[in-house]
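Read-outs throughout are calculated quantities, based only on the coordinates presented, and are distinct from any laboratory measurement. All values reported here derive from a predicted model rather than from experimental measurement. Here the Cβ is made from the backbone with ideal geometry for all residues, glycine too, and neighbour counts use every protein chain on show.
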């Protein structure tokens with residue numbers, strides 16, 4: 001697997017995927033059981049995390065449920081796991097039942113990869129199977145990065161089961177924004193010293209098994225300079241699960257390939273989404289603001305919130321502003 005940090009895994013996929021102000025812009029230890037799909041019980045809301053493995057569509061997905069209230073499912077980015085949302089989103093657990101899970105082949109889910117099954121469509125069906133298994137009639141759904149693309153695809157097909165849709169620093173859904181993204185990324189790369197550029201393009205592209213923990217930490221720090229408004233806020237001690245290390249590159253490539261095949265049709269379906277939708281953008285994300293304004297234009301009635309002084313992970317850099325924006329949106 002190339003480039004070790006979970007943050008890097010998510011954002012390198014942006015490059016390989018290419019990659020007037022709108023009216024509504026607002027600045028701003030439990031044992032793990034294995035549950036059979038047919039016997040899953042509705043979880044009792046609790047502040048103590050409920051953890052488990054759920055059988056869905058020929059695999060087992062790890063889930064973690066925190067909090068009380070209406071269910072809010074949270075989708076991580078390509079090749080990541082639910083871990084990078086915590087503890088930043090836990091504040092919402094006083095009002096919402098946060099449902100995190102690791103997608104196929106990553107995190108604590110089944111590490112076996114079915115190459116055919118790793119597609120946008122299959123990830124949508126996995127999400128729907130979890131909703132059915134836990135007997136939620138309706139859910140709210142938040143997707144981050146590539147997870148936002150899966151959330152959009154779910155909304156197109158299953159919006160009858162959605163209360164709210166939240167898209168956080170989504171991968172651009174139209175390739176016309178790829179040139180500006182690449183330009184911004186290269187500008188930031190050029191600000192690194194010659195030694196840092198060399199390390200990022202050589203050492204940091206080696207297999208994780210070839211790097212020491214010190215080298216991994218250095219790569220993490222370099223990557224944060226490209227992705228975070230304040231690199232000091234990038235997590236440096238985030239545990240990366242074995243499955244994520246082993247499968248992240250493959251999962252990312254399969255999802256990109258799947259999306260490339262459906263992109264034009266997918267883009268044309270955005271105006272069919274009539275679920276209350278919030279689009280969140282960290283203003284230092286290398287993906288251009290115009291990409292998020294485009295989403296707002298395409299999805300009827302959607303809102304765009306810009307989180308200042310944050311990059312691709314606004315919930316990490318500005319957790320209070322992020323949580324406040326979600327509370328305000330979800331309360332209506």
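Starting from the Cα gyration tensor of the stretch 181-300, take the square roots of the eigenvalues, sort them a ≥ b ≥ c, and report rounded, prolate or oblate (rounded when a/c is under 1.5, otherwise prolate if a/b is larger than b/c, else oblate).
Because a/c hits 1.5 or more and a/b exceeds b/c, the stretch 181-300 counts as prolate.
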Separation of the residue 217 and residue 242 label points, Cα + 7 Å toward Cβ, nm: 2.5
Mean Cα-pair separation over length for the stretch 260-313, i.e. relative contact order, pairs under 8 Å, 6 or more apart, %: 44
Label-point separation, residue 70 to residue 230 (7 Å along Cα→Cβ), nm: 3.1
Residue 186/residue 160 FRET efficiency (R0 56 Å; Cβ-Cβ; nearest 0.05): 0.85
Residue 179 paired with residue 323, simple spin-label distance in nm, labels 7 Å along Cα-to-beta-carbon: 4.2
R0 of 22 Å, Cβ-Cβ distance residue 50-residue 90: FRET efficiency to nearest 0.05: 0.95
Residues 89, 262 arranged by fewest to most Cβ contacts within 10 Å: 262, 89
Relative contact order (%) - criterion: Cα under 8 Å, at least six apart; region: the stretch 83-159: 19
Whole-number percent relative contact order across the stretch 191-332, with pairs defined as alpha carbons under 8 Å at least 6 apart: 21
Ranking of 216, 287, 179, 139 by count of other Cβ atoms within 10 Å, fewest first: 179, 216, 139, 287
Extension gain, residue 267 back to residue 196 (0.36 nm per residue minus Cα-Cα distance, nm): 21.8 nm
Footprinting exposure proxy for 60, 144 (fewest neighbouring C-beta atoms within 10 Å first): 60, 144
Gained length - residue 309 relative to residue 203, 0.36 nm times residue gap less alpha-carbon distance: 35.2 nm
Net length gained if the chain between residue 297 and residue 138 were fully extended (0.36 nm per residue, minus Cα distance): 54.7 nm
The stretch 119-244: C-alpha gyration tensor shape, a/c 1.5 cut-off, then a/b vs b/c: prolate
